[in-house]
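The structure appears below as structure tokens.
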Amino acid sequence: MEKNQTYVKPTQTIDQLLIKAILEDQFPPGSTLPPERELSSKLGIARTTLRESLQRLARDKWLTIRKGQPTLVNHFWQEGNLNTLENIITNTEHPTENFVVHLLEVRASLAPAFVREAVLKNPAKVIAILAKSDELEDDPASFTSYDWELQKQLAVLSENPIYVLLINSFSQIYEHMGLLYFSHQQNREATHMFYARLLTAAMSKDANQAEQITKEDMLKSITLWKNAINSTDQT
């Protein structure tokens, strides 16, 4: 950052600008921010505006504000929370393969549990949602839209609101991931088969089978995602 240059674009908030700077290692974890007077001058904003932003980022565990000392940049992967995750996803324009794989691994841990609860508590509603998979157009956008809505609704039907909050944290990145993943015909076919198997389990009200089917599919999707990335890199 050059001194006295204004960095805030009309489409950016101060919070986003500082988060991007942290994610891009301009202010790496463990470092300290410049004094407020210097930083506000570089950003071209009032110190009161900067201070309000720093307070919000401290609340979300990006920073630690220390009285009489420079503001410390936290190790956000160790000290962050759901807001931190959502901000990372929102402010990461080109997520790395490892980052996406980590998200899929989390989904593979969560999805079987909330699918089981959804089938156990609301089998008829699960059946109604899955029945719509037969009407899907065979294109990436249709699969991406339906798959996101299915996951969210299954989380809602589990009747555990924490699952919904966790799933919602992925909303910013899911469209990018889904369009790439479902651009491959074999991935659409595999996913359609998953929907059919899950529908059979729901119709039988077999929550345990639904859990197992979901676990198998989530793990398989990680391998298919890696294949999709490798295929894209080679083109």
Please go through (1) farther than 30 Å from Asn81 by Cα; (2) surrounded by 18 or more Cβ atoms within 10 Å (Cβ to Cβ) for Asp134 and return the number of the only condition it doesn't satisfy. (2)
If we keep just the residues of the range 33-55 that are β-branched (Val, Ile, Thr) and either over 30 Å from the mean Cα position of the chain (by Cα) or within 9 Å of Thr71 (Cβ to Cβ) (or both), which is most open to solvent (accessible area, probe 1.4 Å)? Thr48
Being modelled with pLDDT of 90 or more and in contact with a Leu (Cβ under 7 Å, 6 or more places away or on another chain): is that true of Ala210 here? yes
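Yes/no matrix, rows are residues, columns are (1) in contact with a Lys or Arg (Cβ under 9 Å, 6 or more places away or on another chain); (2) touching a residue at least 40 places away in the same chain (Cβ under 8 Å); (3) part of a helix (DSSP H, G or I); (4) among the hydroxyl-bearing types (Ser, Thr, Tyr):
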site: Thr144; (1), (2), (3), (4): no, no, yes, yes
site: Lys152; (1), (2), (3), (4): no, no, yes, no
site: Lys220; (1), (2), (3), (4): no, no, yes, no
site: Ile229; (1), (2), (3), (4): no, yes, yes, no
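Within the range 192-217, how many residues turn out to be closer than 16 Å to Arg107 by Cα and open to solvent by less than 10 Å² (accessible area, probe 1.4 Å)?
Initial filter on the range 192-217 (closer than 16 Å to Arg107 by Cα): 194, 210-217.
Keeping just the survivors that are open to solvent by less than 10 Å² (accessible area, probe 1.4 Å) gives 210, 213-214.
Summing the residues that are closer than 16 Å to Arg107 by Cα and open to solvent by less than 10 Å² (accessible area, probe 1.4 Å) in the range 192-217 gives 3.
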First in the range 163-190 and part of a helix (DSSP H, G or I), second anywhere and open to solvent by less than 50 Å² (accessible area, probe 1.4 Å) and small (Gly, Ala, Ser), Cβ under 7 Å, 6 or more apart: Tyr163/Ala155; Val164/Ala155; Ile167/Ala155; Leu180/Ala228; Tyr181/Ala228; Asn187/Ala228
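Table: residues versus (1) at negative phi; (2) in contact with a Phe, Trp or Tyr (Cβ under 8 Å, 6 or more places away or on another chain); (3) aromatic (Phe, Trp, Tyr).
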| site | (1), (2), (3) |
| --- | --- |
| Asn83 | yes, no, no |
| Ile88 | yes, yes, no |
| Thr92 | yes, yes, no |
| Phe99 | yes, no, yes |
| Leu104 | yes, yes, no |
| Pro112 | yes, no, no |
| Glu137 | yes, no, no |
| Thr144 | yes, yes, no |
| Trp148 | yes, yes, yes |
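Given Ser169, Ser183, which one is open to solvent by less than 30 Å² (accessible area, probe 1.4 Å), among the polar types (S, T, N, Q) and over 20 Å from Val119 (Cα atoms)? Write out each step before concluding.
On the way: Ser183 fails: open to solvent by less than 30 Å² (accessible area, probe 1.4 Å).
Of the residues listed, the single one that is open to solvent by less than 30 Å² (accessible area, probe 1.4 Å), among the polar types (S, T, N, Q) and over 20 Å from Val119 (Cα atoms) is Ser169.
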May I ask you to verify whether Gln78 is polar (S, T, N, Q), open to solvent by 70 Å² or more (accessible area, probe 1.4 Å) and not in a helix (DSSP H, G or I)? no
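Table: residues versus (1) under 23 Å from Ile173 (Cα atoms); (2) of a type outside the set (A, V, I, L, M); (3) at pLDDT below 90; (4) out of contact with any helix residue (DSSP H, G or I) (no Cβ under 6 Å at 6 or more places or on another chain).
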residue: His75; (1), (2), (3), (4): yes, yes, no, yes
residue: Gln78; (1), (2), (3), (4): yes, yes, no, yes
residue: Thr84; (1), (2), (3), (4): yes, yes, yes, no
residue: Asn91; (1), (2), (3), (4): yes, yes, yes, no
residue: His94; (1), (2), (3), (4): yes, yes, yes, yes
residue: Leu103; (1), (2), (3), (4): yes, no, yes, yes
residue: Ala113; (1), (2), (3), (4): yes, no, no, yes
residue: Leu120; (1), (2), (3), (4): no, no, no, no
residue: Val126; (1), (2), (3), (4): no, no, no, no
Would you point out the residue of the range 137-154, among those that are open to solvent by 40 Å² or more (accessible area, probe 1.4 Å) and among the acidic types (Asp, Glu), that is nearest to Glu211 (Cα to Cα)? Glu149
Specify the residue that is farthest from Trp62 (Cα to Cα); the eligible residues are those in the range 81-131 that are outside any helix (DSSP H, G or I) and not hydroxyl-bearing (Ser, Thr, Tyr). Asn122
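The values are calculated or read from the model by the stated rules, or taken from the named source; none is laboratory data. Just so it is clear, the model here is predicted, and its values are computed rather than measured. Here the Cβ is made from the backbone with ideal geometry for all residues, glycine too, and neighbour counts use every protein chain on show. Only protein heavy atoms, including side chains, enter the accessible area calculation; ligands, DNA and RNA are left aside. Shrake-Rupley method; radii C 1.70, N 1.55, O 1.52, S 1.80 Å.
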